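In what follows, a single structure is set out as structure tokens and then discussed.
The values are calculated or read from the model by the stated rules, or taken from the named source; none is laboratory data. Keep in mind it's a predicted model, so treat the numbers as computed, not measured. Cβ: placed from backbone, ideal geometry, glycine included. Neighbour counts: every protein chain shown.
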Amino acid sequence: MRELKKQGGGFLLEDLQPSEIFTPEDFTEEQRMFGQTAEEFMDREVLPNAEKIEQQDFHILKTLMKKAGDLGLLSVDIPEAYGGLGLDKVSSMIIAEKLAKQGSFSVTWGAHTGIGTLPIVFFGTEDQRQRYLPGLASGDLIGAYALTEPGAGSDAMNIQTKAVPTPDGSSFVLTGNKQFITNAGIADLFIVFAKVEGEHFTAFIVERDTPGLSIGPEEHKLGIKGSSTCSVTFDGVKVSQDQVLGEIGKGHRIAFGILNIGRYKLGVGAIGASKEALKIATQYAKERVQFGKPIAEFGLIQEKLAWMALRTFVTESMAYRLAGLFDEILQPLNPQDPSYPQQIWKGIAEYAVECSILKVYGSETLDFVADETVQIFGGYGYTSEYPAEQIYRDSRINRIFEGTNEINRLLIPGMLMRWALKGKLPLIPKAAATLKESLTLMPSRLSRPEGPLGEEIHMLSMAKRLTLVLSAVAANRFKEQLREEQEVLAALANMVMEVYAFESALLRALKTKSPLMEDAVRLYAPAALRSMEEQAYHVLPYLAAGDELRTLLSTVRKLAKLSVLPDRIQLQRSLAKKVIEKGGYPFGT
Amino acid sequence: MKIVVFFKRVPDTGIPVQVNETGNDIVRENLNYVVNPYDEFAIEEALRIKEKVGDAEIVAVSLGDDGAKETLRNALALGADRAVHLKVPTTAFVPPDVTAKAFHQFLSQEGFDLVLMGKEAVDDNFGVVPAYLATLAGVPLLTYVVQLEIGDGKVKVHRETDDGAVEVEAPMPCILTTEKGLNEPRLPTLRGIMMAKRKPIDEVEVTLSDSALSLDHMEMPPKKEAGVVIQDEFPKNVERLLEILREKKVL
């Protein structure tokens, strides 16, 4: 059993030491070299072809996927026994980040290597793995994942696609329609979800040329236009018994579980895309002259650059902290063990909450960065002649796919509650005790830790307290019916997310002792605490009334009180100066 | 066949450098280092030769401080068989004659059939190490190679010149310097990077010999003064231009 503080969701209940988290400063030389290959592949091969990709030149896209395969960029998460590299998750995330510079390619790659390949890695039989994984690793085969249907988006359990056993029991016949299937137009292989006899949710591996399978026309999308997205129709598609992936009736485990991986990869991709946008916006701000000077010299542009860099920094700190947790749990596993893939699967599921957090926070960071990029470009940002417009369009999908941000917000407290009720996390007693204690606590009298960022360490502990207080109040009020209270759940999710974000940035700054990161945290901390306070005000009047409400509001007010307020304008300007000097993301990698 | 490829680790030319306060070096903190781009053509060519002839050993060599190991690891990831780090006790400027002597010492112990190296390093742009080295080693030197064939103990190369190319032949052992256009350097594969860990990097301490050169000082190029934009219509603008040129005594 892992220490509580390193369990999924454990960060809410216990504090980690700075030395206990993984940060990008801990990358090994080898990991940096992997990143370099990925980055140079993008610069040399993909970006020069970006225009053709956007025009849906699928021949180019497939050629690039094959080249990515030759370099090993498709085999990162595939065990060595099946033609893969079996790399650690830090490496896997570095590569995902670097490949995110071009949205359409990144989505194609992500769908292929993630939801298109990993179900076979984790749930395939030996025969299925041997048959498909080497081709998926090399790029000779392209994978896709077909879950969504016209009537089953977020409500994925409601799929109507049926798998009917043939009378002799040797095969199944699939009938139904799948929609918005990424890579459908170029895929050779589909992971298809259907209900056996209309009720047993089951996954199948279906090859493209199976009779009865047809691909619809390309969707006309807002962004990532160069990626392929089509419907897939199954009209009496006969697949043999050995194409069943995993167990009959247990397909939902694959369908939902695999999304954990999709989610953290999406979050990490958002970092790469944000850094690229920041670079482009900074360069433009340095060149664009108005009122006789480059607009980068104006305070309001600097404010934008500073926050773009800051939120990217926070997301990066969250992502690699999670990667480090994954590797701690996954590294000791023995790849020779027949249950190895299943153990990896379980290890990742341990951090399902953090995966959802990263998905939501990352996609919203990217949307913020993309939006400010357009704003910095001004009128030119609104034209397709300049890159800002595409960045803006491409970023938007991230809040929708891999589970909408709304669904993920519900999942965060939902999973925590489930673990609490199962006794996996001692959340309930801890929240109750924190609530009781907080009513009489005098935060202003608490001594602050010595050393740099002492005030921010105090603020983080108040942030955790605030989250637990609100959780206790919400749980007391609604008990198990809390799961129906979406607005309350979302507010809790926002608080949990902010704790993880704030803590990841703070611990990283403390660990590296970088003055730039310390200043970043000084700038971020008050905003984090205030946004959490606002979440509490948003829902408390719904959760309590009268004296109880008054007591709770004053408790929130004192916990969220900022006793020292840094000069945020100066902090923003000096951070922006670093961004401008560096020509983009200033925090190292 | 033994192919030696020399590498230099240089500051990324995409990031502006600053001269330090004493003017004896650039500011080294926070620099991003890369492999000298011309050396990438050299290792790529070595790999292609090995792929063609089969029986060849590629030895990657770099002189420098501990950072040189990073460059060598990259060479190993690309496919070099082993690497030698000629370790010097300084991060600062090493004069080209000193480098050439160190390379020569290495080559006389190691032996070689072919040396490939970039035509120059993009940090100090001396471009004289190959010539110095060839003189010390007493072997032919073919510079600015853009095309290369090997056979019968000989190399046949195209050298780029201002108005075309010259085809030259020389017996091995010899030294070739590589020019842009020779080939399209590959990227290290992830597997190559993983394999690089298992290949040896030998470390040899190098004592720096005396140099005929000494570094006097470094300075930043003078800042360009703001230009003048003449916005008049023709022919007034030409008259104005002539006026300025006369004022500046250019005409």
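Per-structure values
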| quantity | calculated |
| --- | --- |
| Unmet criterion (only one of (1) under 26 Å from the mean Cα position of the chain (by Cα); (2) closer than 22 Å to residue A:312 by Cβ) for residue A:484 | (2) |
| Test: residue in the range A:246-253 that is more than 13 Å from the chain's Cα centre (by Cα), aliphatic (A, V, I, L, M), surrounded by fewer than 23 Cβ atoms within 10 Å (Cβ to Cβ) and more than 25 Å from residue A:523 (Cβ to Cβ) | yes |
| Filtered residue count, the range A:7-41, keeping only those that are in a helix (DSSP H, G or I) and more than 11 Å from chain B (Cβ to nearest Cβ) | 9 |
| Residues being more than 22 Å from the chain's Cα centre (by Cα), closer than 30 Å to residue A:346 by Cα and either aliphatic (A, V, I, L, M) or assigned to a helix (DSSP H, G or I) (or both) - total across the range A:294-334 | 1 |
| Only listed residue being among the acidic types (Asp, Glu) and in contact (Cβ under 8 Å) with a residue 24 or more places away in the chain, chosen from A:354, A:389 | A:354 |
| Among the residues listed as A:145, A:132, the single one being under 28 Å from residue A:92 (Cβ atoms), in contact (Cβ under 8 Å) with a residue 60 or more places away in the chain, surrounded by 17 or more Cβ atoms within 10 Å (Cβ to Cβ) and over 23 Å from the mean Cα position of the chain (by Cα) | A:132 |
| Residues of the range B:216-239 that turn out to be over 30 Å from residue B:144 (Cα atoms) and away from chain A (no Cβ under 14 Å), as a count | 16 |
| Residue list for the range B:187-215, restricted to those being buried (at least 17 other Cβ atoms within 10 Å of the Cβ) and within 14 Å of chain A (Cβ to nearest Cβ) | B:187, B:188, B:189, B:190, B:192, B:193, B:194, B:196, B:199, B:201 |
| Close pairs from the range A:49-67: first aliphatic (A, V, I, L, M), partner surrounded by fewer than 17 Cβ atoms within 10 Å (Cβ to Cβ), Cβ under 9 Å, at least 6 apart | A:60/A:52; A:61/A:52 |
| Hits in the range A:244-273 (condition: at pLDDT 95 or above, in contact with a helix residue (DSSP H, G or I) (Cβ under 8 Å, 6 or more places away or on another chain) and either of a type in the set (S, T, N, Q) or not in a helix (DSSP H, G or I) (or both)) | A:245 |
| Condition broken by residue B:177, with the remaining ones in (1) more than 24 Å from residue B:97 (Cα to Cα); (2) surrounded by 12 or more Cβ atoms within 10 Å (Cβ to Cβ) satisfied | (1) |
| Members of the range B:27-62 that are touching a Pro at 6+ places or on another chain (Cβ under 7 Å) and outside any loop (DSSP other than H, G, I, E, B) | B:33, B:40, B:41, B:44 |
| Given (1) out of contact with any strand residue (DSSP E or B) (no Cβ under 9 Å at 6 or more places or on another chain); (2) not in a helix (DSSP H, G or I), index of the condition residue B:100 fails | (2) |
| 1 or more residues touching a His at 6+ places or on another chain (Cβ under 8 Å): qualifying helices (runs of 4 or more DSSP H) within the range A:103-201 | A:126-138 |
| Yes/no for residue A:158 being touching a helix residue (DSSP H, G or I) at 6+ places or on another chain (Cβ under 9 Å) and over 16 Å from residue A:212 (Cβ atoms) | no |
| Residues of the range A:430-484 satisfying the condition of being among the aliphatic types (A, V, I, L, M) and not in a helix (DSSP H, G or I) | A:441, A:442, A:446, A:453 |
| Filtered residues of the range A:16-41 (kept if within 16 Å of residue A:505 (Cβ to Cβ) and within 23 Å of the chain's Cα centre (by Cα)) | A:16, A:18, A:20, A:21, A:22, A:23, A:24, A:25, A:26 |
| Count - residues of the range A:515-547 that are closer than 21 Å to residue A:316 by Cα and in contact (Cβ under 8 Å) with a residue 40 or more places away in the chain | 14 |
| Filtered residues of the range A:42-83 (kept if modelled with pLDDT under 95 and either assigned to a helix (DSSP H, G or I) or at the interface with chain B (Cβ under 10 Å from one of its Cβ atoms) (or both)) | A:80, A:81, A:82 |
| Single condition residue A:96 does not satisfy, out of (1) within 14 Å of another protein chain (Cβ to nearest Cβ); (2) assigned to a loop (DSSP other than H, G, I, E, B) | (2) |
| When residues of the range B:158-174 are limited to those that are buried (at least 18 other Cβ atoms within 10 Å of the Cβ) and out of contact with any Asp or Glu (no Cβ under 7 Å at 6 or more places or on another chain), the one farthest from residue B:104 (Cα to Cα) | B:159 |
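Matching residues to (1) in contact with a Pro (Cβ under 9 Å, 6 or more places away or on another chain); (2) within 13 Å of chain A (Cβ to nearest Cβ); (3) of a type outside the set (Ser, Thr, Tyr):
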{"site": "B:9", "(1), (2), (3)": "no, no, yes"}
{"site": "B:15", "(1), (2), (3)": "no, yes, yes"}
{"site": "B:19", "(1), (2), (3)": "no, no, yes"}
{"site": "B:67", "(1), (2), (3)": "no, yes, yes"}
{"site": "B:73", "(1), (2), (3)": "no, yes, yes"}
{"site": "B:77", "(1), (2), (3)": "yes, yes, yes"}
